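Below is one structure, written out as structure tokens, with a few remarks after it.
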Amino acid sequence: MAVDARINEAIDTFYGLTGAGKELAGKSAGMLVFPRVTKAGIGVGGERGNGALLVDGGIVDYYTTTSASVGLQLGGQTRSQIILFMTKVALESFQNSTGWEVGIDASVALATIGTGGELDTEVAKEPVIGFIFGNKGLMYNLSFEGSKISKSKK
């Protein structure tokens, strides 16, 4: 399946999980979608995924996300990630970077959804909001910290 098709599938899944996320996406200046981010490790771990930045519903550039970790870990997982740039300034800062590192170049507020499907109102005010989800729904206790996002070819 082509990257573009996986991106559309991830967006459809995301919209099915949270109406609040869909509403925020509609208000965002841009949406960065990584349909498959794979993490694996045995002592030393890493993760990688390919995705795209969408502005006004169309793909404008392709990106890769990577990170590394050291510590007690064994196994792997695949998940999807969506980052919403809620302001033009946040989007332009991302687009003008040569390698955007979460926690250094910008913070990403990790969204959590309440039982009624409502988004934390404080998170909704942030300029950059992230969602992490898998086949079973939104994932909690995960982080974007340390992820490096770089422009790539399709």
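Yes or no, residue by residue, for (1) farther than 17 Å from residue 152 by Cα; (2) of a type outside the set (Ser, Thr, Tyr); (3) without any contact (Cβ under 8 Å) to a residue 12 or more places away in the chain:
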position: 10; (1), (2), (3): yes, yes, no
position: 18; (1), (2), (3): yes, no, no
position: 22; (1), (2), (3): yes, yes, yes
position: 28; (1), (2), (3): yes, no, no
position: 35; (1), (2), (3): no, yes, no
position: 54; (1), (2), (3): no, yes, no
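Restricting the search to the range 37-58, which residues are more than 15 Å from the chain's Cα centre (by Cα), in a strand (DSSP E or B) and modelled with pLDDT of 90 or more? Explain how you work it out, then say what you get.
Step one: of the range 37-58, the residues more than 15 Å from the chain's Cα centre (by Cα) are 40-46, 56-58.
From what is left, the residues that are in a strand (DSSP E or B) are 40-46, 58.
58, the sole residue that qualifies.
Suppose we keep only residues that are of a type outside the set (Val, Ile, Thr) and loosely packed, with under 13 Cβ neighbours inside 10 Å within the range 86-102. Which one would you say is modelled with the lowest pLDDT? Full working, then the answer.
Pass one, the range 86-102, residues of a type outside the set (Val, Ile, Thr): 86, 88, 90-97, 99-101.
With loosely packed, with under 13 Cβ neighbours inside 10 Å added as a condition, the list becomes 88, 96, 99.
On the way: 88: 96, 96: 90, 99: 78.
Here the answer is 99.
The values are calculated or read from the model by the stated rules, or taken from the named source; none is laboratory data. All values derive from a computational prediction rather than experimental measurement. Please note: Cβ atoms are built from the backbone with ideal geometry, for glycine as well, and neighbour counts cover all protein chains shown.
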